[in-house]
Structures are given as structure tokens and as C-alpha cells.
1. Can you tell me which residues in segment 127-139 are on the phi < 0 side of the Ramachandran plot and open to solvent by less than 100 Å² (accessible area, probe 1.4 Å)?
2. So the check is Cβ under 8 Å with 6+ separation or different chains; which pairs have a first residue in segment 137-151 that's over 16 Å from L174 (Cβ atoms) and in a loop (DSSP other than H, G, I, E, B) and a second one that's open to solvent by less than 70 Å² (accessible area, probe 1.4 Å) and aliphatic (A, V, I, L, M)?
3. Given G339, G321, which one is open to solvent by less than 20 Å² (accessible area, probe 1.4 Å), at pLDDT 95 or above and within 22 Å of the chain's Cα centre (by Cα)?
4. Would you mind stating whether E203 is among the acidic types (D, E), modelled with pLDDT under 95 and not in a loop (DSSP other than H, G, I, E, B)?
5. Go through segment 257-280 and report how many residues are of a type in the set (D, E, K, R), farther than 20 Å from I224 by Cα and touching a Lys or Arg at 6+ places or on another chain (Cβ under 9 Å).
6. When segment 38-50 is examined, which residues are found to be open to solvent by 10 Å² or more (accessible area, probe 1.4 Å) and either touching a residue at least 60 places away in the same chain (Cβ under 8 Å) or not in a helix (DSSP H, G or I) (or both)?
7. Can you confirm whether segment 92-105 contains a residue that is of a type in the set (A, V, I, L, M), open to solvent by less than 20 Å² (accessible area, probe 1.4 Å), in contact (Cβ under 8 Å) with a residue 60 or more places away in the chain and not in a strand (DSSP E or B)?
Amino acid sequence: MPRPEQKIIKLTIDGREVDAVEGSMLIDAAKFGDVEIPFFCYEPKLGEPVGACRMCLVEIEGIPKLQTSCSTPVRDGMVVNTQVERVVDAQNAVVEFLLVNHPLDCPVCDKGGECPLQDYTFGWGRGRSRVIEPKRHFVKPLALSPLIAIDRERCILCYRCVRFSQEISEDWQLIFTERGAHTFVGTHDGHPYVAPFSGNIIELCPVGALTSQPYRFRARPWDIEGAGGICTLCPSQCNVEFTVRDDKVMRVLARENPGVDDGWLCDKGRFAYQAIHVDERLTTPLVRDASGELRPADWDTALQAARAIAGHRSRAAALVGGQATNEEAFLLGRIVREGLSSKDIDSRPYASVDLDVARALAAPALQANVPDLEFAHTVLVLGTEPLDDSPILDLRIRKGVRRNGVKLAIASARPSTLDPNSQLSIRYAPGGEAEFLSSLEWAFSHPGSGPTHDLATLLRDGGDDVVILWGESLPADALATLLRIAGTLGLAGRDGAGLLEVPSGTNSRGIREAGALPNAGPGYSEVEVGRNAAEIAEAAIAGDVTALYLFQVDPVRDLPGRAVWDQALAAATVVVAHASVLTEGLAAHADVVFPAESSAEKEGTIVHPDGRIQRLRSAIKHPGQVRAGWQVLADIAKATSVETGVLTAGMAFKQLVAAVPFYAGITLDEIGGRGLRWPETDAASAMPAGKVPALTTPVGSGPAHPHAESNGHLRVGTYRSIWASPEVEISPALQFTVAEQLVELSPEDALRLGIEQGAAVRVAQNGTRLSGRAAIRTGVPVGTAFLAAGIAKDSANALTEALVEVEKA
């Protein structure tokens, strides 16, 4: 779908001729003439203006009454006055009215010093009031949620928070309750406002009515600094601003980047910053002593212990977690391949992807970007749940459907929160992506009826710009079919269309491009093929791999096959790890644990799922004895006879650029604060061409539809909650969100098993037993149970087969 065309017109504001985009709001056009118009309720991100606060009144020649500039589109030749007496009187009156009951508690208000009402009172207020009656007072503060405090007497009823809840996140929890002078913001059912994006209303509030519970009374605007950064807690890679005081992160704000996040943050990204400064965070190296206990050690001792990996030449392997930077993955790859003469390095939690297929999926011509989700004719969400896997994409898809009429289709095993927004939702059996895509490919060339044919028709006839948002959990044998479908739809080389992957880790794409794959070197270059993650585990158990380097990953928690990884780590002679939190697998098996940096401390680069290279900059100094990851790797490399020559993160980046042909010419300055999409650069043509495998086996005419098992067992599917993160688990403010095992069941299966909502249940499979609570959810296919993976206790990665027994505990 083409972006809105922009026609430039001329208007006059306060005697100045101003160029502006036709149809834009007058309040925005005034900025091009260096004219400031005060406002409270207006926020372009919230959609159509509501003109609720009346602060932005202006005079427009030819219109007798004053008009709200936030809701008045500009026209060619329009003449506007913002300084005439009646406009000034009206604005003075609005300020006076807002202050009638507003408490004058600026010295103790968290918004003091960065408050629009405070600024406008000085700039547009009379400095006096005609009202002599006492101000109203309410009990304050009230807990709108565990994260948000509300001071009702400060609220100016601008409607921003309510509009966000109803029109952006679409959770519909916030409303204006009561009427007239008694109106206040609350939830429709009186329960706390708990939602994945609730913290955005704190930043939207133009006064101090909504404040952050964790930040409340922690700092003042004049003793803090703002530092730009990137959130690395999920693949959304939202641009953020760290509020820093005394080298501590006090809060996280959105740093708007329309190409990435649209100015929104999820609550994990906004509040999990507390994990940086809690006692549970690792800030000193740990070394396992003779008694088998991990104990704090100095760096010399820890590095000496880690250098033992050099004695395992050709028998060492490495796993790279999603929070690693490109530079760290590149250096670790050099250690493994050059220093240890090994081929075994991986960053994928699932089976390896054929190199030709991987290259074809990363081809610049096939890459959709984030704004395409908003403007495409049709979006297919395939095998991923954006709310859990990349939350900000959930908001972008909702925006596209709501504002631009994007046709949305969902194809997944598990019900999606986007199902109500979609024109078509299709469920297939867990693990049935390959069969489903084969049936979809069949449907394009064979007329018929049914959900799969309906989807083929929607994709083929629903408009030229089609974006397929797919999850990394798709099995490797499904990806070739996905590429053929993209070819059928003609997505390659079409602006506004293409494929967009949701990877399992924050920087999974960049790590792969840096060469942390068993079958590809930097830039998807050909290398001698090594073992993937699952094969590394089996080799460690067999004794063929005797040393493991785990860079910001705990395979016992993060990867499938928990029991296998327990055995593999126990069998390894040397296990070296980098981590910021001592998770269960590392605590039990690691011989050396280096403290890892947080995103507020790192220097380096990461790659967004759409190919945008973004830069991490240090906002605070390293706490305790934490050292940069690239620095530790450079030290370890020397022990393996690899002289990296890396003395700074920038030097590591230059080596990476030299090794990856399609990064050629990119500099840190060019990346800057907004990032740079390498698929749009001239060097993108150096990306090795991939081959789309031809169809070799007949496709079926029907998808892997869910069905009930005759033996009463349930098929098992897994999901990873947005809250399944060690950083969430150690953040005090987010304790109420910590993910636990929720076993999602259909109402029919729950009735058959005699299980009620919230009841304790047991899941059994071949002697493995997990405990959890039942979550009865409409839309879960009959005969299927979905369990949470990646959580600290009772994780679904302990299960190894397709069927489970579920019973009431």
C-alpha cells in the first residue's frame, strides 16, 4: 500500500509564510514557522485528535470562532494568528481553569521540572486566579497498578491514557468513570491496570497524574542525564533513553524511531532496567573450586581457568545467545575456528538451516521492514505470537489494521491475541508448519474450498504488498516452501512487501551474519560444516566435545532437550560462560562464569530483524568488576594463539565490516543513533545469492489440522511468554509478572478432564512430570495443550515427545 502522498502548501502564521504538508494539523505546521502552540491532549501517535483540552486555540481568518489547532488541517493560503488578544485571553483562561483544583505541589511532584503544565503556566498563564475556594483533595497516590501510581487531583482529563488503552494497545481497560466534575481515570472493572504496554501511559501523561512506582521520588530532572540506548530484551530492539543518576539507571523512556518502535515500549523493556543494579546480578567472576562450589574470584584467576579451553583443540564448541553483539559473536567465531580448530559453533535453538535457504531468506530484495506492517495490503503472521516474541510488532500490526485497513491473516498452532483483528485465522497442529505451508502452496495452483484456499485467495488477491511475518521456530523443511510461496506472490524486489523474521533472540540475525553458525562463516560465507546445537550436546555426552563456551546462553533453560543438555554440560571437562544472572544450568555446571554487561553498559552493534544495524553505546560505567565482552574474548583468544589486535569495540567492528562483504563501507558514525539498514546500501549486492530448492515431494491438499488423540493424550505445543526472562525474575517491580507454568487447554478438554480455570495440574511424559496451573482458553484446538518454555521452573523444554498426559493435581 503506498505511503500517503505529501503535497506542500503555503500558509501564513503570525505574519510568517510557512510551508507545510497539506492535511497535516495546524499545530504541527506551526513548528515549521518556529511558532509554538501549547497543547496537552494532542499526541499524533494516538491517532485522530480529540480537541479535549482547548489549550491550542488559535484565530483563523474567515472563521469567527477560535479553533483548536490540533484538530484543524491546514489549507493552502490559510492565515492564522496565535498572538492576538482574544487567543491570549482564551489560553490564559484554560490555564487558569486547569489550576483551579490542581495541587501546587511541584517541588515534590515527579513531573516537576519536565512538566508541560508547569511550562505553560509560566508561558501562557496570567500568574493569578479569580478562584478563592479551597482546592479539592483526594487520597493520593492510588495504585492504578503495581507499576503506576495515580494522583487524581493532578489529572487534567486530557484523555491520553484512556485513548492509549482503547486505541493503541486495545486492552480496553482504562476508562473515564463518573461524569462532570467528578470524572476520573480508572479501570472498567476496578481491578489494577495490568497489561503488557501499560507503562506507556506514564510517559504520555502531560502532568504528574500518572507516575512510575519504581521511579517515584528517586531523582529530579536537574540531577539526571539522558543517554540514548537500545533495549536488548527482545528482537524488537526498541530505541530507549536511559535516565542516569550517579552512574545508575533510574528509569527507561522511549526514544522514538518510526522505523523501529513508533515511540512505544513494552513493560519488560521499560521496567526490567532494575535488573542492572540488584544484588542478584553477577558483577564479579565466578570460578568453581575444588569442593565443586562456584565462588567469587579475581580476573586473573578467572581468565587463567578459562584459558584451559585452549587445551581442547578440535574438541571445543560454542553457543552464542541472542543478547551478544555482532562483535562478540565475530570474535568468538574466530576463537573457535582459528584458535581451537573447531567447526562447532551455533546460535540457533533449532535445527540448522541449509546455507542456500539461509542466504535466500536474507536476500536484500526479500526483506520487509517494520513500517511495511503498517502499510501493506495484507499481512500474514505465521508461526509466531508477536505479543510474546516481539511485542512492539503487535502494536504496529494493530495500527495497520485500525488506521490503514490492512488485511490480517493468522496461521499458527496456538491462538493469537491478534485473532480478533484478523480476517482469517487458521490453526494447525503443533509442529505442523511444514505440512501447512505445503498445503498452502498447493492451494495457489489448485482451486478448492476451505481455510487454506481462503488464505491463498487473500494473499493472491488482497493486494500487491504482502508481508509475511514468520517465526524462527518454523522447522527447517518448511522454509524452502515459504520461499517458493514468496516467489509465487512476487514479493522479491517489491517496495512495501517481503518477508520479516521474528528470531528467537534479540540479535539472532546479527549473530548469524557475524558467522556464529555451524555451516556459515561471517557474511554467510562457506565453511567446513560443523555440529549444530543439538549435535553438540550429543557429542559432549559421547565425549567428542570436551569443552563448551556459553556466551550469554544457558542451554538447560533456553534450548530444547533440557535433560540432554544437563548430561552434556555434566560430561564436559571445561564449561566457560558469560552471564549477568546465575541461572540453574550455569550454577550446576559452569566452571567459570564471567559477569556479562547489560545493554546500558555495552559498546557494539546489533542487527534488527529487518536488517537495520543499530549501535549500543555505554550509558553507565561497568558495576563491580564487570568487563566488556569483547575485551574478555580478546584475552581468551591470546591463549588459543589468535592475536585479534582488538583494543576497542570500534576496532572489532572494523574487523567485522572487513569480513562481511555486505557491510562494506558502513561506519559507526553512519549508523548513528537511528541505525542503518544494510539491505538498502550499495554493498547489499555483495550478499551471496541463495537458491530456492525446487519442489521434490508432492504436497498434500490439506493442512495438519488439529485433531483429538484417540488414547486421550494431548498433543503438546510450547510458547515463550513475554515475561520469561531472567531479567524480569530479578527486577523487584516486575515480580508480579514472573512467568510460571500455565497449561493452556481448550474448554472441551478441560471439561473432559474435570479441570477448572486456575486449578493446579500435572503434566506427565515418560516419567517427566511438570506442575502448573490450568489456563482454559477459547481457541485452543481440542486435543492440544500448550506449555510455557524458557521459564525458571517446570519449563516445557523438559519434554521430548509430542504427546502428554494432563491431570488435575
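1. Correct list: S129, V131, K135, R136, F138.
2. Close Cβ pairs satisfying both conditions: P141/A149; P141/I150.
3. Checking each option against the conditions leaves just G321.
4. Here the answer is no, as E203 does not meet what is asked.
5. Final tally of qualifying residues: 2.
6. Across segment 38-50, the qualifying residues are F39, Y42, E43, K45, G47, E48, P49, V50.
7. no
The rows are residues; the columns are (1) small (G, A, S); (2) at pLDDT below 95.
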| position | (1), (2) |
| --- | --- |
| A52 | yes, yes |
| K65 | no, no |
| S69 | yes, no |
| N101 | no, yes |
| C106 | no, yes |
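The values are calculated or read from the model by the stated rules, or taken from the named source; none is laboratory data. Everything quoted here is computed from the prediction, not taken from an experiment. All Cβ positions, even for glycine, are placed from backbone atoms using ideal geometry, and neighbour counts span all protein chains on display. We work out accessible area using only protein heavy atoms, side chains counted, and drop any ligands, DNA or RNA first. Shrake-Rupley method; radii C 1.70, N 1.55, O 1.52, S 1.80 Å.
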